[in-house]
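The values are calculated or read from the model by the stated rules, or taken from the named source; none is laboratory data. Only a predicted model underlies this, so the values are computations on that prediction, with no experimental measurement involved. Here the Cβ is made from the backbone with ideal geometry for all residues, glycine too, and neighbour counts use every protein chain on show.
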Amino acid sequence: MPKRRRFLAAAAGASAGFFAARSSRAAECRLEVLVDEPIGTVAPEIYGHFVEHLGGVVYDGIWVGEGSKVANVAGVRKELVDQLKRLGPSQIRWPGGCFADQYDWRDGTGPREKRPRRTNFWAGAPEWPAGASRGGPQVYDTNAFGTVEFARFCRLAGGSPYFAANLRSLSPHDFWQWVEYCNSPAGSTTLADLRGQDGEREPLGVRYWGVGNESWGCGGNFTPEEYATEFRRYTAWVPGYGQKLALVGSGPNGDDISWTRRFFETAGRSGRNQLWGWALHHYSWNVSSGRTTNWMEGKGDALQFGPEQHYELLAEADKMEGLITRHWNVMGETDPAHKTKLVVDEWGAWHKPGTEPFAEALLGQQNTVRDAVLAGLSLDIFVRHADKVAMANVAQLVNCLQSLFLAHEDKFCLTPTYHVFALHTAHQGGRALRTLATAPRVSYSRNGQSASLYGLNGAASLKDKRLVVTVTNPSLEMTRETEVVVRGAGVRSVQATTLTATDVHAHNSFAAPRAVEPREDAPVAGPAGLLRRFPPASVTRLVVDLS
Ligand code: AHR
């Protein structure tokens with residue numbers, strides 16, 4: 001049977017959601033939840049977002065302006081705010097990304113009509129789609145969206161700002177003054193007055209500050225030793241104005257263990273004492289079989305992909321678990337008490353150009369059920385490592401890389417990734433529990449050689465008597481008959497919600513905004529609901545009431 005038809009048949013067969021236990025045949029997979037083995041609290045901050053002045057993220061995506069025909073609240077796209085709010089977004093990172101290390105925060109202050117226009121960091125990027133107007137705010141930033149506009153956006157959405165400070169092209173003094181502009185008491189200083197004139201008399205109370213971004217690359221091409229020295233200079237004695245600052249160091253690119261070790265050794269105790277979080281960046285893309293090392297060609301297509309690219313992309317994302325544990329162990333060599341936690345402040349799928357929602361949406365891409373599985377498995381990893389990961393930010397919120405929203409003029413839709421975040425909100429603030437997954441690995445071909453990926457995995461958390469279990473099945477063909485075993489508690493009822501589609505390439509668009517949506521099953525009483533069929537390429541959430 002052709003693969004696509006097998007995928008359809010398997011997905012259809014799985015629609016019942018749970019199966020009757022048969023004494024003659026045990027389920028092929030098992031997911032055990034160990035209620036008595038807590039890992040740590042699931043920080044709401046792991047469900048964070050990232051907004052960069054990049055293509056259509058800010059201008060059009062979020063900021064439409066107060067005079068716009070698009071429904072807005074104080075210039076911010078209303079529909080986006082309303083939908084984001086439903087996710088409890090905890091914190092949102094801004095203004096970059098690479099953009100941050102070229103940005104002068106003062107440009108985004110004062111009367112909007114008087115703010116300077118500046119050439120955006122991304123103006124010369126090779127990825128701009130043909131036909132993009134190269135004269136708009138995506139290229140010549142009007143600075144209409146500055147610190148207070150962003151802070152208001154966060155407030156409207158129910159989250160906190162997480163600012164990335166410029167370490168490459170501004171001084172420590174500028175950084176401290178940005179903190180003063182944000183946090184100093186009303187009327188206390190000239191910068192507090194400037195904030196007041198910008199419409200925010202009371203302090204913004206900004207706690208999270210990134211000290212540079214990708215300082216090994218676009219943030220200055222530093223060595224870890226050089227960056228450690230800069231980090232100390234930027235963070236020594238910086239006042240918080242009543243706010244206990246959570247300072248985040250620019251950590252490694254993926255598996256660069258040496259960046260972590262050398263920074264931690266060089267920063268010394270005084271540097272490490274300032275370090276609340278250590279940023280790890282890991283993107284997942286298809287490497288095209290060594291044919292090219294070109295930055296763009298090396299990536300795969302968001303919509304056109306076969307089984308090899310499907311599995312390879314998910315395997316890339318699944319590396320996150322090893323990255324977290326390896327960097328954590330190295331951090332422990334000099335910080336045995338683990339005062340500093342990991343902050344995965346850029347993660348997600350990165351596909352090649354060609355599926356942008358509109359021409360000005362540089363690095364914009366479509367988002368299929370494959371991306372939803374990638375989001376589900378990544379968030380599950382963060383929950384499983386709740387003791388290590390204090391914060392995470394998917395890149396990026398709207399019209400860019402692994403977005404939750406596509407938005408252009410008056411058109412708007414939620415992506416499958418949005419729906420995965422909605423399923424996961426139930427974990428926020430819960431106690432992560434240890435899980436043990438047993439499932440046959442999925443075999444596939446990588447460049448004609450056999451390769452494999454995990455067969456089924458998930459994460460669990462407990463709040464009062466409500467257990468939340470999230471599960472991903474990455475297989476394109478196999479429905480996974482699974483026994484979910486809750487060790488240490490009885491089960492009253494189970495409610496399942498699943499995101500999948502009959503075709504893994506399914507996605508939402510402005511023309512078909514509801515093509516992919518989660519489906520909620522009727523609750524099942526007692527443990528019977530824990531015998532489940534997880535359909536191919538799916539993300540499922542079980543909410544289990546314990547007795
Ligand atoms: O998210 C896009 C870019 O990826 C960010 O600006 C940068 O930090 C990373 O390399």
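Going through Thr266, Thr223, Thr190 one at a time, which residue ends up being more than 16 Å from the ligand (Cβ to nearest atom) and under 29 Å from the mean Cα position of the chain (by Cα)?
Details: Thr266 fails: under 29 Å from the mean Cα position of the chain (by Cα); Thr190 fails: under 29 Å from the mean Cα position of the chain (by Cα).
Of the residues listed, the single one that is more than 16 Å from the ligand (Cβ to nearest atom) and under 29 Å from the mean Cα position of the chain (by Cα) is Thr223.
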Members of the range 188-219 found to be more than 16 Å from Arg106 (Cβ to Cβ) and among the basic types (Lys, Arg), listed by number: Arg201, Arg207
Given Ala407, Ala375, Ala395, which one is modelled with pLDDT of 95 or more, of a type outside the set (Phe, Trp, Tyr), within 15 Å of the ligand (Cβ to nearest atom) and crowded, with 24+ Cβ neighbours inside 10 Å? Ala395
Those residues of the range 322-352 which are acidic (Asp, Glu) and in contact with a strand residue (DSSP E or B) (Cβ under 8 Å, 6 or more places away or on another chain) amount to Asp345, Glu346
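Can you say whether Glu149 is assigned to a helix (DSSP H, G or I) and either among the aromatic types (Phe, Trp, Tyr) or closer than 24 Å to Leu80 by Cβ (or both), as far as the supplied structure shows? Don't jump to the end; show me each part of the working.
On the way: assigned to a helix (DSSP H, G or I): yes; either among the aromatic types (Phe, Trp, Tyr) or closer than 24 Å to Leu80 by Cβ (or both): yes.
Answer is yes for this residue.
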Do you know which residues across the range 416-432 are among the β-branched types (Val, Ile, Thr) and away from the ligand (no atom under 16 Å from the Cβ)? Val420, Thr425
Could you please find all residues in the range 338-370 being under 28 Å from Pro307 (Cα atoms), more than 14 Å from the ligand (Cβ to nearest atom) and among the small types (Gly, Ala, Ser)? Gly354
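Based on this model, can you work out whether Arg168 counts as away from the ligand (no atom under 16 Å from the Cβ) and either at pLDDT 95 or above or in a loop (DSSP other than H, G, I, E, B) (or both)?
For Arg168, the condition - away from the ligand (no atom under 16 Å from the Cβ) and either at pLDDT 95 or above or in a loop (DSSP other than H, G, I, E, B) (or both) - is not met.
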Within the range 501-542, can you find the residues that are surrounded by fewer than 18 Cβ atoms within 10 Å (Cβ to Cβ) and outside any loop (DSSP other than H, G, I, E, B)? Arg519, Glu520, Ala525, Ala528
Right, Val383: closer than 20 Å to Pro44 by Cα and either away from the ligand (no atom under 15 Å from the Cβ) or outside any helix (DSSP H, G or I) (or both) or not? yes
Residues of the range 180-222 satisfying the condition of being in contact with a helix residue (DSSP H, G or I) (Cβ under 6 Å, 6 or more places away or on another chain), part of a helix (DSSP H, G or I) and either not assigned by TED's automatic domain parsing to the domain that holds Asp255 or not aromatic (Phe, Trp, Tyr) (or both): Glu180, Leu191, Arg195
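Taking the range 92-137 on its own, how many of its residues are in a helix (DSSP H, G or I), more than 22 Å from the chain's Cα centre (by Cα) and surrounded by 14 or more Cβ atoms within 10 Å (Cβ to Cβ)? Let's see the steps before the verdict.
At the first step, the residues of the range 92-137 found to be in a helix (DSSP H, G or I) are 98-102, 105-108, 112-114.
Next, only the ones that are more than 22 Å from the chain's Cα centre (by Cα) stay: 102, 105-108, 112-114.
Narrowing further to those that are surrounded by 14 or more Cβ atoms within 10 Å (Cβ to Cβ): 102, 105-108, 112.
Going through the range 92-137 one residue at a time, the tally reaches 6.
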Please enumerate the residues belonging to the range 221-236 that are of a type in the set (Phe, Trp, Tyr) and touching a Pro at 6+ places or on another chain (Cβ under 8 Å). Tyr234
Breaking point among (1) out of contact with any Leu (no Cβ under 6 Å at 6 or more places or on another chain); (2) not assigned by TED's automatic domain parsing to the domain that holds Leu31, for Ala451: (2)
Failed condition for Ser215, given (1) under 18 Å from Ala392 (Cβ atoms); (2) within 16 Å of the ligand (Cβ to nearest atom); (3) in contact with a Ser or Thr (Cβ under 7 Å, 6 or more places away or on another chain): (1)
Just give me the residues in the range 223-262 being assigned to a helix (DSSP H, G or I), touching a helix residue (DSSP H, G or I) at 6+ places or on another chain (Cβ under 8 Å) and within 20 Å of His281 (Cα to Cα), in sequence order. Pro224, Glu225, Tyr227, Ala228, Phe231, Ile257, Ser258, Trp259, Thr260, Arg261, Arg262
Within the range 46-57, is even one residue of a type outside the set (Lys, Arg), buried (at least 19 other Cβ atoms within 10 Å of the Cβ), on the phi > 0 side of the Ramachandran plot and part of a loop (DSSP other than H, G, I, E, B)? yes
Arg155: passes all of (1) without any contact (Cβ under 8 Å) to a residue 40 or more places away in the chain; (2) surrounded by 22 or more Cβ atoms within 10 Å (Cβ to Cβ) but (2)
